[in-house]
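Inspection log for the structure reproduced underneath, given as structure tokens.
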Amino acid sequence: MVTRSGQARWRAGAGGLLLASLALEASLGTAAEGAARPTATIASSASVPGRLGSTSTSSSTTTTTSLPSSTGWPPSPSQDLIAPMIPSSVSVAAATAFLDEALSLRIGELTVVQEQAQTAKALSTTARQSLLAELTTAINGLDGLQAQVDATTGSSLATLRQDGADMVLSYRALSVVVPAAREILQAQNEIAAAGKLVSLESALQAAIAAEQGASGVVRLRLLDVDYSRRLAKVVAADTTLTTNLLALQPSTPVADANLLASAKIALANRAGDLSVARSDLRALLARLAQPSLSRTAAAKVTRVAS
């Protein structure tokens, strides 16, 4: 039988536990929201055929282009699927201006995600190094191509057509590199959020073990099994996904597009697993705070959660 003094101690312990749980949920929720909503995206899928993403929030990459004429010139500077068509009727100056704008757009978008990769706390050391290496290579290559376009005097349209083809086919900055980088950042955010939840597992298991034979302990074990399984799925799946995204190559645009599309779905599913795992944690903490269980069990979880 629980005495009045014991009940009072339990209320105090349960209150501390719930406060600690709320603090933990706040920190986990921030990480999960960052994973679910990438901080920036580039041109909308309506303006870039076949691309994933939404309208850019980066003012540095805003472009102004005249509407295409009946001949299809100028094409959209964000078009990143085929080499831009430069008709013979276009002047060298106009073709140069178009390539300058298109190259600046690509360099600007790559620079945005490069800065995000440099500062993202969730990125593992290996993922950060690999991602920054790919982004830096692309930026340097496009910088060099832009300098070549700007510095060449007396360029022919044939030379500029080749430069335009190199810009798209050799880099695929907007259709592959940038969206892949953003999905890598999202996957790493999810892994970090799962890691915070995994850190509670040993204390949860110890607290549940201390309640062997108590009413409701079977329910506690089932919740803990689901909690552990979902977190393991997030870490394993997103780690594999990161590796696959880092391996994308500009020379395989169809395969790249398929992987980017499937990755978007997979990341949403893993975000769902994180949400359910947090619900499992709240249910576990609420049950462990009940007076029918021992203060020892609640104290163990409170200590870790805080």
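Here the contact order of the stretch 61-172, divided by its residue count and restricted to Cα pairs under 8 Å and six or more residues apart, works out to 38 percent. Farthest towards the positive end of the charge dipole of the stretch 125-174, among the residues GLN146, LEU132, SER156, is the Cα of LEU132, using unit charges on the Cβ of Lys, Arg, Asp and Glu. Straight-line cross-link reach from LYS121 at under 17 Å between alpha-carbon atoms covers these aspartates and glutamates, not counting any fewer than eight positions away in the same chain: GLU33, GLU183, GLU190, ASP238. Each Cα pair of the stretch 154-227 feeds into the Kirkwood radius, which the Stokes-Einstein equation turns, at 37 °C and 0.692 mPa s, into a diffusion coefficient of 191 µm²/s.
Calculate how large, on average over all directions, the projected area of the Cα convex hull of the stretch 69-116 is; give the answer in nm² to one decimal. Walk me through the intermediate numbers first.
Working: hull surface 15.0 nm².
Hull-based average projected area comes out at 3.8 nm².
Derived from the Cα gyration tensor, the three semi-axes of the equivalent ellipsoid of the stretch 177-270 are 38, 11, 8 Å, largest first. Taking other C-beta atoms within 10 angstrom as a stand-in for reagent exposure, VAL92, VAL225, VAL177 fall in the order VAL225, VAL92, VAL177, fewest first. Each principal axis of the Cα cloud of the stretch 61-172 was taken in turn, and the coordinate range along them, longest first, works out to 51, 27, 20 Å.
Laboratory data are not the source of any read-out in this text; all were calculated from the coordinates shown. These figures come from a predicted structure and were not determined experimentally. Backbone-built Cβ (ideal geometry, glycine too); neighbour counts: all protein chains shown.
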